Structures are given as C-alpha cells and as structure tokens.
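Here the structure comes first, spelled out in structure tokens, and everything after it is commentary.
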Amino acid sequence: MQLFEALKIIRDRGKADDESTHRVDLVCGCTPLHLRTFLAAELTSRYDAGAVDVRSGLFGDIPGSLQQVLAEPSESAVVVLEWSDLDPRLGYRSSGGWRPDRIADVVESAGVRLAQFRQPLSELAEKTTLAVCLPTLDLPPMFPSPSGLCDQAVLKLRSLVADFAVSLVESGPVRILDERQLDRDSNPATRFNPVSELRSGFPYSMDHASALASGLASLLRPKPAMKGIITDLDNTFWAGILGEDGLDGISWDLDHKTHQHAIYQEQLAALSRLGVLVGVASKNDTELVEQAIQRSDLVFPHGNLFPIEANWGPKSESVRRILSAWNIGADSVVFIDDSPIELAEVQEAFPEIECRQFPTGDEAGVVSLVDELRSLFGRADVSDEDRLRMQSLRAASDLADVEIDTDAFLAKAEAEITLQWNVFDERSLQLLNKTNQFNLNGCRLDEADWRKRADQPQSILLGVSYTDKFSPLGKISVLLGRVEGKAVVVDSWVLSCRAFSRRIEHAVVRALFEHTGCEQVICRFTATDRNGPLQTTLHELTGEPPASGAVTLSHFTFQSNCPTIFAEVISHEPQRNSHAA
Amino acid sequence: MNPSEIRTQLEECFSVVFADLTAEEIPTASMETVEAWDSLGTLTLVGVVEQTFGVSAEIDDIAELVSFEKIAAWLQAVASRQAA
C-alpha cells in the first residue's frame, strides 16, 4: 500500500463519533510515523464502518507506554519490538556501545528487558486483543564474526526472542506476527531506512512499514476462515483418469512421479482433521470412485470425504448439491479442479466461490497451492464442534433447488469443434481402446482391424477435436462407421470423459446427418458395466432407454431432442485413405 | 510532467495529508497557515510526495518545503533536471 492510498482510505472513511470509533494502541520504541498511518488504513479497510484511531505511546519508552495502555486499554493493541528496544546498543541511534568486551552484557540486558516485557504483555492480552511483532530488522554490524558466520551472541539473542515468544503464547491469547510470512511480504534486505532512522527516529522503509501494518492488522482483524473444499478427483486428488486408466492406473506416489497428489491429499486430510469440510465433485462413475477411495494407500481418510458427487452432469450441479448438504454459503468454499472450463463453469454459477486450478504436473505449483490452502483455512483455535461438523452435516444433508444455467455458460465458452473426416492417427486408436464411459459397445480394435474397416468403401472415420476459451482438449472423440443405403451405421464411437457436458456428442450426430445426407443413424450398441454416460446420451436422443443391439435414431427425432449446440463446428473436407503419422 | 499536472497531483497529496483543507485553501497552504502542518505533517507530506512523484527529497530540500507553492516549485525544478 502506498502512503497516499493509506491516507486516502483514512480520509474517505471520515471522522466518526466516539461510539463508532475503533481505538487501537500502538506501542513501539520508534517514532510511529508511517507505521501508524498504515496501521490505521489497514484496520479501517477491515472494519465495515467507523473510523480507526491509533493511539501511540512514548518515544523510546516501551515499558512506560505499556503501563499507560494497561491503565486504559483500547479495544485492541499492537506492540512492535525491535532490537534497539531490548538494548539501545543494538541500534544505530546510540553511540559507544559496539565494543567486543560488552557484547555479553548486551545479550544479558536484552534478556532482562524481555523478561520485563513478559508480565505486562500477558496482562494486556487478558484485557484486549493483542498483536505482537518481534524484531524485524537486522542486528547492527557490531559482532566480531566475519560475514556469513553466525555469531554466538547473535544466536543467543535470537534464542532469547524465540523463548520470549513461546512464553508469551503459553501465557495467554497473544497473537505473534509470523516472521516467515513477513519475510514473504517484505524483503528483509530493504526494510531498514537509515536516513529516516537517523533523522526522524523511524527505522522502516515505506514498503516495510506497509507490510508490517498489514500483517499486524490481519492479526487483529483476521479474515474469516474458509469452511469447505470441493475437490475434483482425476488429475487433482490423484494422477490419472480413473475411467480410462482404471483403479490401478491412478497414482499418488514417488515411484510414479505423482507424489504431489499425495501432498495435496495430505493437506486436505490435515485440514479435514481441523474441521474443514472436504467434498468431491468429479465427472466419474460413482461405483468406480467408491472403489478407488477404498484403496488402502489413500493418504486422505476416505470416510472424511462428504459428499461425493461422482456423476456425468455439470460440475456446478454437483457443487450446488454439496453446498446444500453442507448448508454453507459459496463464499466460504474453495473449489479445486485441474480443468479451466470446469472452474469457469462453477465460477459462473457461483461467483462467490474461490476457484483454484490444480497445477497438474507442477510440483512447485502444488506446494504453493497447499500453502495457500493452509492460509485460507487456518484458524487459531479448533473446537470440538469444528471437528464434529462433518458428522452432523452428514446426518442433516438435504438438497435444495437452485437453477443452473448451462445454456448461458456454454454460449459464452467460445467453443470450437473440429471434425476431421477419414484421417487415421495413433491417438484415435488409443482413444478408442482406453475410453470406457462413453463407449458405444466396448469393442477394442488393433491397428490392423482399424485400417481394414476404415479402408472399406462407404466407411466413415471421424476424429473430433475440441477447444474453448479456457483450454484446448485436443482430440477427444472418434467414430467409426459406414453408410448403408439411407442410414449411417456406427460401429464404434468414444468420447473422452474430459469432454462431457459440452454437447460435443450432439454435434457429432448432427454432423453425421449433414455430412452423409442420411435419414437415420444406427448405433451398434452394447450395454457394458461402464458405459452409463453413453447410455444416457442415447436415452436423451431417442427418448427411450437403449437396449443392446441396433439403436436407431431418425433425423426427425434427433432434431426434436437435440439441445442447442453453441460451439462453432469446423468440418475438414473428407479425404479417402489418408493416414497421418 | 508539466507544471499544471504537477500542481494537480500535488493538490491531491495535500488533500489526503491535510484532510481538513478545502480545495480553495490548498494552493495557499503553508506551515504558517495550516495548524496540522507540524514536523510530523512535513514528514508525512514529504513521504506522500516522494512516492507519488517518484522523487527523493534531501534533508536540505525538506527544510525548504514549507508551503504548497514551494513544494510545487521544487517538484518543477526536479522535473526540469530529470528532463535535461
């Protein structure tokens, strides 16, 4: 935050009467100057209404300031300690103290001073909300060790401060600013402003003062912790696509170089034990998911996943049911998925939800994500009630009706479907042989079978690629068929589960009618244990549940039952006997 | 940045540091006429001006920055030096 911005925040909030003014005590040994301004601005922006009045104490006299505050505490207090507050010789504004023979004395006096602070700070914490910041600046170059070698006295000083922090936290509800977090927000090398320190007694650079104030304000007025995580499964909770790779094909371990998914599970498990709700929204087969989460090597305790929405419908519908079961608002929930389009679809339906893309294949990205999750869900105190929340929700789960506008979302997806006729490539064969959910009959072909069928007269080989404004999915569907009289007979047809809910299957059928001029599409369908999504599509298009055998779809019936296809469809001219590498 | 732009931005700076000043009072503001403009006010004002204009004031400069007009003139001189 810039100083101008801070002052503007304070000015724009205006003055308030006594009752609606939030009073905060700032105790520090330096001139409070810009730290006071930034603290007032940060707190002002964290309160919905009312002005913030930051009252500062006496310059260079922390014990005296603490006594003042203890006598008449405000609604919250901030205490900022620097090394020079523990002993002036540890600063730049006193002279004659940087003597090797006095270092032991400096360490001792710092310890005595810290001990003097402990009692009043503990008392203050009982009376008001108290945030404490321990030294953030470097020690002065007064120690004999060469650069790079940690001096014994320096280690002792740091140890004294660390012990002091522990004793404070153990003595009462003191909130200590996390130095590691501050390190991220404020570069330690540029925190000290010697000009300002020597001329006005304010030792901080403007950026550091701003970061310090922000950190302290967040301790006094923390954002409410998020309550629930809704996670995808494939390529998120685990590596791989369950429907295509099978139960043994998904992984989260070092051997498969997929351990980042174990780290993700680990964090979800840790948060779950703190009372955070963890649900699943996955485009998957329910039974298969049930089997997968029973795997004994799962890091996350599967009993803590609730609810599990594994189906082939839009993710927003699953999220809606999960929110309803949890009975919490979308603004308390983070939705995590590896697919940009799924994230966008959910975000469109629930603008308040926090969406995060799972960085599949990016170990550093996963570490960053789990760190952020800890930040979003972290809480200082965990009650038994928090831990029991999931159990009670499980018992009380109930669904509510909220309309999800799929048409509106698809209309804005800027989708493009590319149809490529009669081109053979290896990806088509792979897709045909590994896709289970949307597979017309489960038949597998080897390359020779494939080429033989494709080379027959009147054969149709259709490859389908998809992209939208969120991400390209590449080739996601393959269809193999032939023209017989006025009908197209479809022998094989698969669609990757990554591409469900985009009406690609409808575009494919429409293209068959338009491309061949036929009046019927006859699907050589066989029900399998896994091809439920395909059965659902045939049911929707024909108006009746499909039976194994020839499922006939007339052009008229298709037109009557086909929903609006929003994607732009690009059809490459048919080629005969073309074989791509 | 031309003199007019400098004055406009400087007026903004004054309006946040000395929130009680009216728009009409700002161009004639000085340490003598503004009660809230003490040494602390100077440091705050200089801090805002430095960040807003991307300049750095030396201690000798700060001692001279005692009115709106003087700060505007100083900023114009700095801008001229940078442009040269």
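A few notes on this one:
- For chain A, the longest principal axis of the Cα atoms and the long axis of helix A:206-220 meet at an angle of about 80 degrees.
- Between A:Q67 and A:S167, the FRET efficiency from the beta-carbon distance, with R0 = 25 Å, is close to 0.80.
- Computed label-point distance, nm, for sites A:K452 and A:R273 using a 7 Å Cα→Cβ extension: 5.8
- The range A:477-575: Rg to Rh, with Rh as the Kirkwood radius over Cα pairs: 0.92
- Nearest 10 degrees, 0 to 90: helix B:3-17 Cα axis against chain B principal axis: 40
- Cα-based shape type of the range A:138-213, given that a ≥ b ≥ c are square roots of the gyration tensor eigenvalues and the cut on a/c is 1.5: oblate
- Of the GluC sites (Glu not before Pro) found in chain B, those that fall in a DSSP loop while having at most 11 other beta-carbon atoms within 10 Å are B:E24, B:E32, B:E35, B:E58.
- Inter-probe distance in nm under a simple model that places probes 7 Å from Cα toward Cβ, at A:C150 and B:E5: 5.1
- Within 10 Å of the Cβ of each residue in A:198-206, the mean number of Cβ atoms contributed by other protein chains is 2.
- Using only side-chain charges placed at the Cβ, +1 for Lys and Arg and -1 for Asp and Glu, the dipole size of chain A relative to its Cα centre rounds to 720 debye.
- FRET efficiency estimate (nearest 0.05) - Cβ-Cβ, B:E69 to A:K127, R0 51 angstrom: 0.55
- Expressed in Å, the radius of gyration and Dmax of the Cα atoms of the protein assembly as shown are 33.8, 105.
- Of the residues A:S428, A:A413, A:N311, the one whose Cα sits farthest toward the positive end of the charge dipole of chain A, with +1 on the Cβ of Lys and Arg and -1 on the Cβ of Asp and Glu, is A:A413.
- Which listed pairs, of A:K412/A:K475; A:K227/A:K257; A:K257/A:K452, have C-alpha distances above 27 Å, in listed order: A:K227/A:K257; A:K257/A:K452
- Intensity falloff of the range B:3-83 expressed as log10 I(q)/I(0), Debye formula with alpha-carbon point scatterers, at q = 0.19, 0.20, 0.22 Å⁻¹: -0.75, -0.84, -1.03
- If only the Cβ of Lys and Arg carry +1 and only the Cβ of Asp and Glu carry -1, the dipole of the range A:101-150 around its Cα centre is close to 120 debye.
- Förster-model FRET efficiency, 45 Å R0, A:D245 and A:A49, C-beta, rounded to 0.05: 0.25
- In this label model, B:Q82 and A:K486 are separated by 8.0 nm, measuring between points 7 Å along each Cα→Cβ vector.
- C-alpha center-to-center spacing [the range B:16-84, the range A:437-488] in angstrom: 74
- To the nearest ten degrees, helix A:363-377 and the longest principal axis of the Cα atoms of chain A are 60 degrees apart.
- Full extension of the segment from A:T21 to A:K469, taken as 0.36 nm per residue of separation minus the current Cα-Cα distance, would add 156.5 nm.
Any read-out appearing in this document is the output of simple, stated calculations on the displayed coordinates, not a laboratory observation. The structure displayed is predicted, hence computed values, not measured ones. For neighbour counting, all protein chains shown are included, and Cβ atoms are generated from backbone atoms with ideal geometry for every residue, glycine included.
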